[in-house]
1. Take each of the peptides 27-36, 119-128, average the number of other beta-carbon atoms within 10 Å over its residues, and list them starting from the highest.
2. For labels at VAL155 and ALA221 in the simple 7 Å Cα→Cβ model, what's the distance in nm?
3. Which stretch or stretches of the stretch 194-234 have amide N atoms under 19 Å from the point lying 7 Å from ALA171's Cα along the Cα→Cβ direction?
4. Calculated FRET efficiency, ALA59 and VAL88, Cβ-Cβ r, R0 22 Å, to nearest 0.05?
5. May I ask you to order 66-79, 100-113 by the average number of other C-beta atoms within 10 Å around their residues, highest value first?
6. Rounded to the nearest 0.05, what FRET efficiency do VAL96 and PHE15 give with R0 = 41 Å and r taken as the Cβ-Cβ distance? Could you check?
7. Sticking with the crude label model, points 7 Å out along Cα→Cβ, report the distance from SER103 to VAL210 in nm, one decimal please.
Amino acid sequence: MLLVVLAGIQIASLFMPEYVFPDLPAIGQALLEILRDERGDIIATVLRFTGALLGAMVAGWVIGLLMGAFRTTVGELLRPVFGIMQAVPALSWILVSVIWLHSVEARIFFIVFVIGVPFFVVAVFEGIRNIDHELMEGIGQFRPSRLQILRVLFVPQSLTYMLMTLRSAGAFCLRILVFAELIGATAGVGYSMGLAQANFRIDLIFAWTVVLIVFNFLLTAVVDLAERYLLRWRREAVVR
């Protein structure tokens with residue numbers, strides 16, 4: 001599939017001007033230029049993304065656990081709140097952050113955080129709700145405390161759903177982060193892509209896109225490693 005895409009790009013470059021659709025050597029040269037001169041922008045984006053996503057993941061996990069453990073109180077109170085947060089367009093959060101926050105770093109963290117948190121909250125909460133009712137009744141025979149249920153049952157169950165959500169939430173938050181950098185940052189991948197567009201460097205835009213795709217693959221690989229380590233207790237069903 002990758003070879004087909006590369007061949008398509010090369011063929012399209014034969015029929016279009018270079019400033020509209022560059023060929024593969026031009027994109028490769030632009031990628032080398034990024035790796036040589038723009039490493040600081042890559043590092044800035046990676047640090048912003050890592051900090052904001054980890055913050056959203058931890059906060060979403062804790063809130064989702066509390067909503068699941070105290071379903072009739074905390075759960076019923078916060079479900080509408082996160083339903084509304086999910087319905088708010090990303091652009092609205094970006095524009096509001098410009099008015100509310102002066103620091104660029106604070107704006108970007110806020111945007112990724114408020115967009116990412118509902119993903120994890122809903123996933124963890126729904127994961128706890130999906131626990132088999134008969135299993136809950138069986139555990140209840142031993143008269144465990146709510147803290148014991150939380151530690152022994154809810155945390156392992158929620159961890160599975162949280163890691164499953166991390167793939168989709170991470171990819172979505174990365175796109176939002178780059179868009180936020182494009183609008184209001186002075187460094188980062190989004191800012192550099194904006195400069196490339198202003199200077200009609202379509203080869204750089206393609207090259208930055210390659211960087212983002214590679215970063216998404218690396219994120220998926222990290223999540224896979226985390227699943228193997230943290231969920232090694234879980235047996236996968238295999239169709240024979």
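1. In descending order of packing, they fall as 119-128, 27-36.
2. Computed distance between label sites VAL155 and ALA221 equals 3.1 nm.
3. Residues passing the 19 Å test: 208-228.
4. E(calc), rounded to 0.05, equals 0.85.
5. Going by the mean number of other Cβ atoms within 10 Å, highest first, we get 100-113, 66-79.
6. The calculated FRET efficiency here is 0.40.
7. 3.6
The numbers here are math on the coordinates, done by the rules we state, and not lab data. This structure is a prediction, so every number in the text was calculated from the model and none was measured. All Cβ positions, even for glycine, are placed from backbone atoms using ideal geometry, and neighbour counts span all protein chains on display.
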